[in-house]
Amino acid sequence: MTMDNGEKPLTLLVTAKGNHTRNNSNLRELDSLLAVLEADGESLWEGEDGRGFIAPFKNQAMLSGSCLPADFVKATVHKFQGRECDEIVFSTVLDKYKSPERLNFVDDARMVNVAVSRAKSRFTLVTGDNVFKTSNGHIAALIRYMEYYADDGQVHRAPVISAFDLLYKEYDRSLERLNKRLNPNDSLFKSEQIVAQILREALAQEPRRGIMFHREIRLMQLAAVARASFTERELEFMRNAARCDFVLYFKVGKTPLGVIEVDGGYHDDPLQIERDAVKNSILNKCGIPLLRLRTIESRIEEKVAAFLDQWTPPARDESRRVSPG
């Protein structure tokens, strides 16, 4: 860094425990960065030379394009050489399941130096919990330096915690309450147990108590009430007993309101992607809203609540009530 405008030059952001890396990308690091930017009121940047987001892998740089504000310059470390920004964010991407080859690639002295030296005023490191500690390399040294010199308010730990973090061996202690409430009878899959419990708690609140959910409902059963024309592929898909994870209904009535699907890592498989597209098309033709929850996502409770609220009446404004007499 070559300038000092009186700003806080160092920010360290450590994501919540868990294995968040998928295909050389890490959505949790991006979600955590966004959460910190929003909390600090920095969703927009007014510096002369802008801000850059640097990652060691192309997939992370590409993913950032759909997540971060447009003013970020997004690129891999190698493509950022020779360029400077007022602020640089360096995302390390890896989690504890990293291979030695990928660790050596990311924890390279030249790569770390390029990332740090591109920042004119501020440098932010986004990294996983204890991912680089055991290797005791260049990033571990950088983390120790930042922990020592950064202001206390510039060190952020686990700014975003997801209910799906319970799928990992290590998770934040704040999730223990939810973990104890999971019901194995809901599903063989813990991811679906998590969503079932979140749904139960959401539907126990006013004014959502008139809604209920059922599990593993055949898609053919939902399509039977729709006056829609389906393709041969869609009919074949339904005849093969395709099911929906969660179907919402009013307690009085049998018309399906909406569907919630839980998408694990296998949903990245090309065959599963095609099946999901067929299911999406069928539900769309039936006029049934669909919410897909990927297990790498966060703010699951918020997304479920927002999905449910389309069938709940708005809260009455008590301040407008006219008192009698």
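The values are calculated or read from the model by the stated rules, or taken from the named source; none is laboratory data. In this text, all values refer to a predicted model and were calculated from it rather than measured experimentally. Neighbour counts run over all protein chains shown; Cβ positions are idealised from the backbone, glycine included.
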TODO: Go through region 67-85 and give me each residue that's surrounded by fewer than 17 Cβ atoms within 10 Å (Cβ to Cβ), at pLDDT below 90 and out of contact with any Phe, Trp or Tyr (no Cβ under 9 Å at 6 or more places or on another chain).
DONE: A70, H78, K79, Q81, G82, R83
Task: Residue satisfying all of: in region 138-148; of a type outside the set (A, V, I, L, M) and free of Cβ contacts under 8 Å to residues at least 40 places away in the same chain; nearest to A109 (Cα to Cα) among these - done: H138
Open item on the list: Being of a type outside the set (G, A, S), more than 20 Å from L167 (Cβ to Cβ), assigned by the TED database to the domain that holds V304 and under 23 Å from the mean Cα position of the chain (by Cα) is true for just one of I273, I260. Which residue is that?
Closed with: I273
Task: Criterion (more than 22 Å from K74 (Cβ to Cβ), over 25 Å from the mean Cα position of the chain (by Cα) and modelled with pLDDT under 95) met by exactly one of A140, A109, A150 - done: A150
Open item on the list: When you check L188 against the structure, is it part of a helix (DSSP H, G or I) and either modelled with pLDDT of 95 or more or over 19 Å from the mean Cα position of the chain (by Cα) (or both), yes or no?
Closed with: no
- [ ] Using the structure shown, decide if I288 is touching a helix residue (DSSP H, G or I) at 6+ places or on another chain (Cβ under 8 Å), exposed (fewer than 15 other Cβ atoms within 10 Å of the Cβ) and assigned by the TED database to the domain that holds Q193.
- [x] no
Open item on the list: Quick check on this structure: which one of R209, R215, R233, R227 is in contact with a helix residue (DSSP H, G or I) (Cβ under 8 Å, 6 or more places away or on another chain) and part of a loop (DSSP other than H, G, I, E, B)?
Closed with: R209
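One line per residue, one yes/no per condition, for (1) within 23 Å of the chain's Cα centre (by Cα); (2) of a type outside the set (F, W, Y):
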| residue | (1), (2) |
| --- | --- |
| D95 | yes, yes |
| F105 | no, no |
| N113 | no, yes |
| F132 | yes, no |
| D172 | yes, yes |
| L182 | yes, yes |
| I194 | yes, yes |
Open item on the list: Which condition from (1) of a type outside the set (S, T, Y); (2) at pLDDT 95 or above; (3) surrounded by fewer than 16 Cβ atoms within 10 Å (Cβ to Cβ); (4) over 27 Å from L257 (Cβ atoms) is the one that A158 breaks?
Closed with: (3)
Open item on the list: Looking at E7, E38, E46, E42 in this structure, which one is modelled with pLDDT under 95, surrounded by fewer than 21 Cβ atoms within 10 Å (Cβ to Cβ) and part of a helix (DSSP H, G or I)?
Closed with: E38
Open item on the list: Which pairs turn up if I take residues in region 101-112 that are in the same structural domain as T127 (by the TED database) and buried (at least 20 other Cβ atoms within 10 Å of the Cβ) and look for partners that are part of a helix (DSSP H, G or I) and among the basic types (K, R) with beta carbon separation below 6 Å, at least 6 apart in sequence or on another chain?
Closed with: none
TODO: Run down S91, S135, S64 and say which single residue is of a type in the set (S, T, N, Q), surrounded by 17 or more Cβ atoms within 10 Å (Cβ to Cβ) and without any contact (Cβ under 8 Å) to a residue 60 or more places away in the chain.
DONE: S64
Task: Checklist (1) part of a loop (DSSP other than H, G, I, E, B); (2) farther than 21 Å from D31 by Cα; (3) in contact with a helix residue (DSSP H, G or I) (Cβ under 7 Å, 6 or more places away or on another chain) applied to Q193, failing item - done: (1)
TODO: Output the residues belonging to region 169-200 that are among the hydroxyl-bearing types (S, T, Y), buried (at least 17 other Cβ atoms within 10 Å of the Cβ) and either in contact (Cβ under 8 Å) with a residue 60 or more places away in the chain or within 24 Å of G128 (Cβ to Cβ) (or both).
DONE: Y171, S191
Open item on the list: So, N130, is that one without any contact (Cβ under 8 Å) to a residue 60 or more places away in the chain and part of a helix (DSSP H, G or I) or not?
Closed with: no
